[in-house]
Amino acid sequence: MELLPIDGTFAREVRGANLWELASGDAIREAFSEHPILVFRRQALTEDELIAFGRVLGGPEAYIERSWHSSKAEVSIVSNMRNALGDPIGGLASKELHWHTDQSYNADPVTGCFLYAQVVPEAGSRTSWANLYGAYEALPDRLKRRLDGLVGIFSYAARTGSVIRSADGQTVNMSYAERIRSTPDVRHPLVNFHPQTGRKSLYIDPGTVTGIVGMPAEEAQDLLEELRDIATRSGNVYDHHWRVGDLVLWDNAVTLHRRDAFADDQNRLMKRMIIRLPTDTHIVPALA
């Protein structure tokens, strides 16, 4: 197995690993603990094989949005396609998704995730990731000192209107009202430590972090915007241009991601899985 940097970014392409015939996942687990984006090209995987790969990394979990589930509860569909009755076969359609990280609004977020491309628009499709390790390391000392001990307020209610702007709750989440009631605001530290290396990472989520505990609202907003701008500047971002058979694995505790919009008449179908990662080899944001 080889790990190759992609265009000088923090992402790594994994070569020499056929995910449908893994004898051992040790090398992949070790690589994923160190590198938050792993890209596997030319994969051909059934849903059972996707689940088996998820189990190599940790514990696959069913996404709460049941309308997105495929034939297996652990596998979700992200697509703009419809079935013969005209009903959506997955979630998130074709609209732009703004910078975010999955599950940050939960008290105990599931941080591992992958997308597996089965249908890609002919005009192309791009997803981008920002490195929150790199963002912390790029901070001036004044900001590192200022962030020490700070806790963010993460809000699902704020999230639903910010990741997909102009979307109504029904588009974003089929159980919108229920989710709002059952997902109260939570608090997480804005800086986390890798359990093995001690490497520090930001934990921010634009549009979901609504404030900072003990800080006036305007001051907190200015600080959060400064952190977002540092995290998402071009030298700290990996842009992935999808091909059929690509599987991109990422760690939501230490990355942000976004998606470009694409035309409604261009089909796109991804299979998605969320994975609970081991706490001894990955950052898992604490509840503050």
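Nothing in this text is a laboratory measurement; each read-out follows from the coordinates by a stated rule. What you are looking at is a predicted structure, and each value in this text was computed from that prediction instead of being measured. Here Cβ is always computed from backbone atoms with ideal geometry, including for glycine, and neighbour counts include all displayed protein chains.
Does segment 2-276 come out rounded, prolate or oblate by the C-alpha gyration tensor, with a ≥ b ≥ c the root eigenvalues, rounded set by a/c under 1.5 and, if not, prolate when a/b is larger than b/c and oblate if not? It is oblate, given that a/c is not under 1.5 and a/b is not larger than b/c. Put a dot 7 Å past the Cα of LEU4, heading toward its Cβ, do the same for ASP26, and the two dots end up 2.6 nm apart. With springs only between Cα atoms under 10 Å, which of GLY134, GLY58, GLY198 fluctuates most in a Gaussian network model of the chain? Ranking GLY134, GLY58, GLY198 by mean-square fluctuation puts GLY198 first. Compared with the alpha-carbon gap, the fully stretched path from LYS144 to ASP265 is longer by 39.0 nm at 0.36 nm per residue. What shape does segment 68-165 have by the C-alpha gyration tensor, where a ≥ b ≥ c are the square roots of the eigenvalues, rounded means a/c under 1.5, and otherwise prolate means a/b greater than b/c and oblate the rest? The shape class here is prolate. Each peptide in 88-98, 59-69 gets a packing score, the mean of other Cβ atoms within 10 Å over its residues, and the list from highest to lowest is 88-98, 59-69. Once both labels are modelled 7 Å past Cα along the beta-carbon direction, what's the GLU226-GLU65 spacing in nm? The modelled label-to-label distance comes out at 3.4 nm.
Computed from point charges on the beta carbon alone (+1 for Lys and Arg, -1 for Asp and Glu), the dipole magnitude for segment 1-124 about its Cα centre is near 200 Debye.
Placing unit charges on the Cβ atoms only, positive for Lys and Arg and negative for Asp and Glu, gives segment 2-276 a dipole magnitude near 100 debye about its Cα centre.
Our note on the geometry: Cα centres of segment 93-133 and segment 197-254, 12 Å apart. Counting only lysines at least 8 places from LYS200 when in the same chain, those with an alpha carbon closer than 16 Å to its own are LYS144. Each label point was placed 7 Å from the Cα along the Cα-to-Cβ direction; for GLU137 and GLU122 their separation is 4.3 nm.
Here's the list of lysines a cross-link from LYS95 could span, going by alpha-carbon distance under 30 Å and ignoring same-chain residues fewer than 8 apart: LYS72, LYS271.
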